[in-house]
Amino acid sequence: MIGLSHYLILSAALFCLGLLGLLTRRNAVHVLMSIELILNSANVNLVAFSRYGSGGLAGQLFAVFVIVIAAAEVAVALAIVLTLYRIKRTPNLDQASTLRG
Amino acid sequence: MHDATQSTQLLTEIARSGWHFLPETALTIALLLVVLVDASRARWRGSVCQVLTLLALASAFALRIADRATSDTIWFHMLTRDPLGAFFSALVLGAAFLVVASFTFRNSRELAGLGPGEFYALMLAATLSSLLLISANDLAMLYLALEMLSLSSYILVAYFKGDRMSNEASLKYLLFGAASTGAMLYGLSLFYGLTGTTRLGEIQRALAAGLSDANALTLYVAVVFVVAGFGFKTAAVPFHFWCPDAYEGAPTPVTAYLSVVPKAAGFAILTRFFFVGLSTPLGSEWQLAPSVHWPALLMLISALTMTVGNVAALTQTNMKRLLAYSSIAHAGYVLMGVVALSENGARGVMVYLFAYLLMNLGAFLVVLLVHKHEGTFDLRDYPGLIRRSPLLTATMSVFVLSLMGIPPLVGFVGKLYVFGAVIEKGPSYYWFAVVGALNAALAAFYYARILKAMIIDDESESEAAPKPVIRLALYDRAWLTLFAAANLTPLLLWGPVDVWARSALSLYTGR
């Protein structure tokens, strides 16, 4: 039977994959996708806790808000990535290094 | 019949909430009006937008002060109205008002030629979300407000549309922010799983009932994740990497705003989360919730934050970067107040942030005016400033001495409150106070470097003609004097501030 622990393992795996992508990827779009994985791992947690725990519907409502926020965040992020791409002609984050020190 | 009473209750709650929600409503209306006015494309729209913004901020300030004594929740326990929230909301609204009034399109060389409407609309949006964050009582509300504040800040940092530095700064800010708030969200989901609720007061009651050992470990992991999100908003080490880049790349008015408002909101929700969610009030002290000893974690972060901030500031020559690292160090001092977990600690957080607002905004105003007249942010161009502009030098000296913590300036009072609160906790906290004191000494070194550059250092001889004397506009002179005078408040009228901070200590700890 699939129970709460299966969902928690899935979400922990998603979180770790997201973190790994965040640390190793150099392409800005890939990094954004990794961040989506992290947010969705939290969503899996929220919905699973809501279904199996004592929390009622609050978790599922929370997850809906997270989905909306994630969409807004990606909209802003892609706009900035695009502007930077127009200036530098590369989505590579290693070359976004004018500011240092 | 049953339905009828239920819907009456519903309507009463909505009417009551709407009444207490007036400050936020005022900001929302002004936000929409600013967008409409900006769409008119008329020549005068910039000044109208500014006046509208100032009016909205002032009326929200007045409304929030008028409602300061309430201690309750509104919108079905989503938000709180309590005296502590009123203090921080007033602080945030006051800071936003000062930024919009004194740092404008008129005296910023960087903003010249850019659209005014979006600027004021984003400022209002960021302030509105700060208010929501300060009074959040539910994990979902907390996350929503935090993200709304972050999103408006990202766009404000990228305000120079075609500028490489500004966009790069914003992208770094955004990726850092998205990663740390993502981790925070994961932590919040664990909180929900452990306690079965998203309301802070109920979380505290669920934790007070005790957890099994395995769950206590999970709770600790969740706290670490949540601290990542708060650390990002308050620019605490090790979540501070975005801070110097964002401060340098953003237009100076935005930098001044970012250095005060999101930080104050971040500390307000940090205090609320840890004092209401993870501890129990017990007389004038707070008792820790069983099975998570978070002050040790925050103590480590605080000590690291001030040390890293001060050490990195030592070698900076760009004034915006230098002030960025100094603001990181100040976040470390403010955290000392949270670690103390007592009434005096909470008061330390409030008073320190108030002091920080006055000295930091003043310092940024001087940096902005030097850039306006001489086109430079570099400390190496500051020598001889005392000849070119005695007023800028004198006021900057006040702000720098205040940041250093020299009595009787307001920065000293802030340090006095937080150090006092920590020492009061007993011998096991003494080392922490010593770390703070050593850091204050270290910070004095680079602050003194600014004073030396302005006052003692000679202008370079290689230049053929000496730089012309700076002629400040009357408006700028008035604001500089006002900020400098405000830094002297301890001499003149400290009483009211202290009394307010004392009376504002009550946190709403109910549902």
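Any residue at all in the stretch B:382-396 that is surrounded by fewer than 24 Cβ atoms within 10 Å (Cβ to Cβ) and within 21 Å of B:Val308 (Cβ to Cβ)?
No, there is no match, as no residue in the stretch B:382-396 is surrounded by fewer than 24 Cβ atoms within 10 Å (Cβ to Cβ) and within 21 Å of B:Val308 (Cβ to Cβ).
Quick check on my filter: what residues within the stretch B:207-232 are surrounded by fewer than 18 Cβ atoms within 10 Å (Cβ to Cβ), among the aliphatic types (A, V, I, L, M) and part of a helix (DSSP H, G or I)?
Scanning the stretch B:207-232 gives B:Ala208, B:Ala214, B:Ala216, B:Leu217, B:Val221, B:Val224.
So which residues in the stretch B:195-207 are in contact (Cβ under 8 Å) with a residue 40 or more places away in the chain and facing another protein chain (nearest Cβ under 9 Å), if there are any at all?
Correct list: B:Thr198, B:Arg199.
Do we have any residue at all in the stretch B:114-127 that's crowded, with 21+ Cβ neighbours inside 10 Å, within 16 Å of the chain's Cα centre (by Cα), farther than 19 Å from B:Ser47 by Cβ and more than 14 Å from every other protein chain (Cβ to nearest Cβ)?
There is at least one residue in the stretch B:114-127 that is crowded, with 21+ Cβ neighbours inside 10 Å, within 16 Å of the chain's Cα centre (by Cα), farther than 19 Å from B:Ser47 by Cβ and more than 14 Å from every other protein chain (Cβ to nearest Cβ).
Considering each of B:Ser17, B:Ser7 in turn, give the residue that is modelled with pLDDT under 95, polar (S, T, N, Q), part of a helix (DSSP H, G or I) and touching a strand residue (DSSP E or B) at 6+ places or on another chain (Cβ under 7 Å).
Only one candidate passes the filter, namely B:Ser17.
For the list (1) hydrophobic (A, V, I, L, M, F, W, C); (2) within 9 Å of chain A (Cβ to nearest Cβ); (3) more than 20 Å from B:Phe103 (Cβ to Cβ); (4) surrounded by fewer than 24 Cβ atoms within 10 Å (Cβ to Cβ), I need the number of the one condition that B:Ile155 fails.
Here B:Ile155 clears every test but (3).
In the stretch B:130-165, what count of residues is obtained for those that are under 16 Å from B:Lys233 (Cα atoms), of a type outside the set (A, V, I, L, M) and touching a residue at least 40 places away in the same chain (Cβ under 8 Å)?
Residues flagged as under 16 Å from B:Lys233 (Cα atoms), of a type outside the set (A, V, I, L, M) and touching a residue at least 40 places away in the same chain (Cβ under 8 Å) within the stretch B:130-165 amount to 5.
What's the number of the condition B:Phe76 fails, among (1) part of a loop (DSSP other than H, G, I, E, B); (2) within 21 Å of B:Thr28 (Cα to Cα); (3) out of contact with any helix residue (DSSP H, G or I) (no Cβ under 9 Å at 6 or more places or on another chain)?
Just one mismatch for B:Phe76, condition (3).
Determine if the stretch A:7-20 includes at least one residue that is within 7 Å of chain B (Cβ to nearest Cβ), closer than 22 Å to B:Met141 by Cα and within 13 Å of the chain's Cα centre (by Cα).
The answer is no; no qualifying residue exists.
Being within 9 Å of chain A (Cβ to nearest Cβ), more than 21 Å from A:Cys16 (Cα to Cα) and either buried (at least 24 other Cβ atoms within 10 Å of the Cβ) or touching a residue at least 40 places away in the same chain (Cβ under 8 Å) (or both): is that true of B:Thr181 here?
So B:Thr181 does not fit the description; no.
Could you grab me the full set of residues in the stretch A:29-51 that are closer than 22 Å to B:Asn215 by Cα, at the interface with chain B (Cβ under 9 Å from one of its Cβ atoms) and not β-branched (Val, Ile, Thr)?
Selection gives A:Ser41, A:Ala42, A:Asn43, A:Asn45, A:Leu46, A:Ala48, A:Phe49, A:Ser50.
So if I check each of B:Tyr192, B:Tyr143, which one is farther than 17 Å from A:Val76 by Cβ and either at the interface with chain A (Cβ under 7 Å from one of its Cβ atoms) or crowded, with 22+ Cβ neighbours inside 10 Å (or both)?
The match here is B:Tyr192.
Suppose we keep only residues that are touching a Gly at 6+ places or on another chain (Cβ under 8 Å) and in a helix (DSSP H, G or I) within the stretch B:397-408. Which one would you say is surrounded by the fewest Cβ atoms within 10 Å (Cβ to Cβ)?
So, considering only residues that are touching a Gly at 6+ places or on another chain (Cβ under 8 Å) and in a helix (DSSP H, G or I), the one surrounded by the fewest Cβ atoms within 10 Å (Cβ to Cβ) is B:Leu401.
Taking only pairs six or more apart or across chains, which ones have beta-carbon atoms under 8 Å, a first residue in the stretch B:16-45 that is among the basic types (Lys, Arg), and a second residue that is buried (at least 16 other Cβ atoms within 10 Å of the Cβ)?
These pairs meet every condition: B:Arg16/B:Ile74; B:Arg45/B:Val37; B:Arg45/B:Asp38; B:Arg45/B:Pro116; B:Arg45/B:Gly117.
If B:Arg64 satisfies all but one of (1) assigned to a loop (DSSP other than H, G, I, E, B); (2) among the basic types (Lys, Arg); (3) farther than 18 Å from B:Phe364 by Cβ, what's the number of the condition it fails?
(1)
Residues being facing chain B (nearest Cβ under 9 Å), free of Cβ contacts under 8 Å to residues at least 40 places away in the same chain and within 23 Å of B:His240 (Cα to Cα): count how many of those fall in the stretch A:71-95.
Residues flagged as facing chain B (nearest Cβ under 9 Å), free of Cβ contacts under 8 Å to residues at least 40 places away in the same chain and within 23 Å of B:His240 (Cα to Cα) within the stretch A:71-95 amount to 3.
Quick check, is B:Arg41 closer than 27 Å to B:Val157 by Cα, of a type in the set (D, E, K, R) and at pLDDT below 90?
Taking the combined requirement at face value, the residue satisfies it.
The values are calculated or read from the model by the stated rules, or taken from the named source; none is laboratory data. Small disclaimer: the values here were computed from a predicted structure and weren't measured. Neighbour counts run over all protein chains shown; Cβ positions are idealised from the backbone, glycine included.
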